[in-house]
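Input: a single structure, listed below in structure tokens.
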Amino acid sequence: MKWFKRIYLNNLFFYVLIGIIVCFIVSYFFPSFYRATWLLLYVFIGFTAMDFLLLFASNQRFTASRTVPEKLSNGDENGILIKLESGYSFPVSIKAIDEIPFQFQMRNFEVRRKIPAGGTDGFEYFLRPLERGEYYFGSLNIYVSSPLHLACRRFIFDKDHMVPTYPSFIQLRKYDLMAFSNRLFQYGLKKIRRIGHTMEFEQIKEYVSGDDIRTINWKATAKKNQLMVNQFQDERSQNVYMVIDKGRVMKMPFEGLSLLDYAINSTLVLANIILKKQDKAGMFTFSKKVENRVSAERRSSQMQRILETLYNVKTNFFESDFGRLYADIKKNITQRSLILLYTNFETLDGLKRQLPYLKGIAHSHLLVVVFFENSELEELTHAKPGNIQEIYDQVIAEKLAFEKRLIVNELKKYGIYSVLTKPENLTIESINKYLEIKARGIL
């Protein structure tokens with residue numbers, strides 16, 4: 001009787017059945033309709049039986065499959081492809097209901113299609129996960145109806161499929177070649193003027209028009225009896241650490257993603273560019289203690305190590321201990337390094353409590369503090385107030401936005417670099433700051 005569980009009745013079946021019942025009621029008062037009503041019932045039963053035979057004939061088959069990426073990219077649109085193939089000898093109508101992971105809360109997903117006899121069809125839909133972790137797809141349910149549309153047959157495919165969601169590797173591909181492009185303005189980046197040049201010697205070469213005459217090597221020129229110049233290259237193998245604050249200040253959401261997830265996505269992309277620029281990329285997180293450490297190295301498996309480490313990072317809702325961070329950096333990072341600290345300060349008082357530790361880190365390393373503008377407050381400051389309460393709200397929003405700029409100035413006083421950015425621009429601004437530091441040769 002397993003086939004019986006796959007039978008479902010369409011709305012048309014119930015509409016016709018209700019109509020027949022109404023006819024029986026009418027025939028009670030008007031006996032002349034009695035025979036016609038029974039005839040209508042027999043015809044209805046016959047058509048229903050014919051519909052069952054069409055759907056459940058032994059040689060009639062229907063197949064479907066769901067194609068899901070090996071892993072989903074957090075915060076990005078991920079395509080899910082459904083392929084349909086009909087083995088029926090007549091046109092069919094289908095209703096596809098995919099059991100999407102509960103994290104998306106999509107409870108009304110269904111797609112309807114008409115497929116010709118022996119034909120194929122398909123469709124694609126997109127999912128945008130907002131948190132990392134494991135996503136479980138349920139069954140792919142296909143309800144097939146014949147041209148009679150009285151009943152339908154249910155087919156079940158691709159049961160219980162798990163797909164992991166990783167930090168945004170789609171962004172990683174997007175910005176992969178950004179570090180080597182001469183047209184960075186296409187990505188919204190400002191052009192960086194190189195100040196001087198780095199002093200890592202590469203080779204001596206013949207002078208060609210356009211070379212800097214200040215790099216002429218006079219000894220080599222005298223030997224060769226022609227102008228020779230020194231060629232330099234960007235310093236390589238410098239340590240760059242991305243440090244992610246996973247305290248409660250990073251749980252604040254913007255457009256569905258938490259600040260922590262924005263920082264994680266940015267770290268993954270930036271680590272890839274750092275390695276492409278021949279530097280050493282490392283990362284770790286901190287809150288009550290320092291965790292998830294990946295030492296700065298430049299080996300082929302480094303990106304995979306960073307990706308797997310970022311996959312499991314979660315906010316723990318504690319207040320972050322910057323004193324513990326300072327002590328750990330002083331103990332474990334002995335070589336001068338570039339440290340990009342992803343955190344968030346809402347007030348100047350909040351910064352001043354942690355400023356002694358930031359100054360201690362900046363004394364031995366090049367520290368860049370990356371924190372966030374509140375884009376919702378910015379919208380509020382530009383809105384036109386309609387009443388006294390909205391004026392008060394706007395004044396408070398402007399005060400908070402001004403404090404963010406005061407934080408930037410306070411950090412600058414102590415030689416600490418900063419990046420104040422909207423969450424959606426975090427990746428671009430972080431890359432830009434790293435390229436600027438490399439161009440200026442200040443590490």
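Work the Kirkwood hydrodynamic radius out for the chain: mean of 1/r over every pair of different alpha-carbon atoms, inverted, in Å. After inverting the pairwise mean of 1/r, the radius is 27.4 Å. Only helices enter this figure: runs of n ≥ 4 DSSP H residues, each worth -39500 (n - 2.57), summed and divided by the residues of the chain, yield -11500 deg cm²/dmol at 222 nm to the nearest 500. Secondary structure note: in the chain, about 70% of the DSSP beta bridges are antiparallel. Residues considered: PHE56, PHE372, PHE169. Largest GNM mean-square fluctuation over the chain, using C-alpha springs under 10 Å, is found at PHE56. Projected onto planes of every orientation and averaged, the convex hull of the alpha-carbon atoms in region 208-265 covers 8.1 nm².
Given a 1.4 angstrom probe, I'd like the percentage of the accessible area of the chain that is carbon and sulfur, rounded to a whole number. For the chain, the apolar C and S fraction of the accessible surface comes to 55 percent. At a probe radius of 1.4 angstrom, the accessible area of the chain per residue rounds to 55 square angstrom.
The magnitude of the dipole of region 12-148, with charges of +1 and -1 set on the Cβ of Lys/Arg and Asp/Glu and taken from the Cα centre, is near 420 debye. For region 63-157, the Kirkwood hydrodynamic radius comes to 14.3 Å, computed from all pairs of different C-alpha atoms. Net charge in the neighbourhood of LYS359 (other residues with Cβ under 12 Å of its Cβ; Lys, Arg +1, Asp, Glu -1) is +1.
Converting phi to 3J(HN,Hα) with the Karplus coefficients 6.51, -1.76 and 1.60 and the offset θ = phi - 60°, region 144-149 yields 9, 10, 7, x, 6, 6 Hz in sequence order, with x at every glycine or proline.
Under 15 Å between alpha carbons, and skipping anything fewer than 8 positions from LYS280 in its own chain: which aspartates and glutamates qualify? Output for LYS280: ASP234, GLU235, GLU297. Loop-located GluC sites (Glu not before Pro) in region 87-135 (DSSP state not H, G, I, E or B) with no more than 16 neighbouring Cβ atoms inside 10 Å: GLU110, GLU131.
Once both labels are positioned 7 Å from their Cα atoms along Cα-to-Cβ, the gap between ALA49 and GLN389 label points is 7.0 nm.
Relative contact order for region 316-443: 28 percent, from Cα pairs under 8 Å spaced at least 6 residues apart, divided by residue count. Taken over the C-alpha atoms, region 1-142 has Rg and Dmax values of 21.4, 69 angstrom. Taking the 0 to 90 degree range and rounding to the nearest ten, how far is the long axis of helix 259-276 tilted relative to the main principal axis of the chain, both from C-alpha atoms? Once rounded, the angle reads 60 degrees. Separation of the alpha carbons by more than 31 angstrom is noted, of LYS83/LYS246; LYS330/LYS433; LYS330/LYS412, for LYS83/LYS246. Loop-located trypsin sites (Lys or Arg not before Pro) in region 335-443 (DSSP state other than H, G, I, E, B) with a sparse environment of at most 14 neighbouring Cβ atoms within 10 Å: ARG336.
Taking amide H as placed 1.01 Å from N in the peptide plane, THR421 has its amide H under 5 Å from the amide H of PHE371, PHE372, GLU373, each at least 5 places away in sequence or on another chain. Highest mean packing comes first when the peptides 112-122, 137-147 are listed by Cβ atoms within 10 Å, giving 137-147, 112-122. Applying both filters, DSSP loop and at most 16 other Cβ atoms within 10 Å, to the chymotrypsin sites (Phe, Trp or Tyr not before Pro) of region 95-130 gives PHE109. Distance from the Cα centre of region 105-182 to that of region 336-388, in angstrom? First find each Cα centre; the distance between them is then 40 Å.
Apply 1/(1 + (r/R0)^6) to the Cβ-Cβ distance of ARG336 and LYS71, taking R0 = 30 Å, and write down the FRET efficiency to the nearest 0.05. Computed FRET efficiency for ARG336 and LYS71: 0.25. Both radii were evaluated on the Cα set of region 268-356; the Rg over Rh quotient, with Rh as the Kirkwood radius, amounts to 0.98. The slack between ASP212 and SER295, meaning 0.36 nm per residue of separation minus the straight C-alpha distance, is 26.1 nm.
Think of region 60-113 as a dipole: +1 on every Lys or Arg Cβ, -1 on every Asp or Glu Cβ, centred on the Cα centre; then among SER65, PRO91, GLY79, PRO91 lies furthest on the positive end. Taking each residue as 0.36 nm, the span from LYS224 to GLU131 lengthens on full extension beyond its C-alpha to C-alpha distance by 27.2 nm. The angle between the Cα long axis of helix 426-440 and the longest principal axis of the Cα atoms of the chain comes to about 20 degrees, rounded to the nearest 10.
Against the main long axis of the alpha-carbon atoms of the chain, helix 302-311 sits at an angle near 60°. On full extension, the segment bounded by ARG107 and TRP38 gains 20.7 nm, given 0.36 nm per residue less the C-alpha separation.
The values are calculated or read from the model by the stated rules, or taken from the named source; none is laboratory data. All values reported here derive from a predicted model rather than from experimental measurement. Neighbour counts are summed over all protein chains in view; Cβ atoms, including those assigned to glycine, are modelled from backbone coordinates with ideal geometry. Accessible surface is based on the protein model in full, side chains and every heavy atom, while ligands, DNA and RNA are left aside. Shrake-Rupley method; radii C 1.70, N 1.55, O 1.52, S 1.80 Å.
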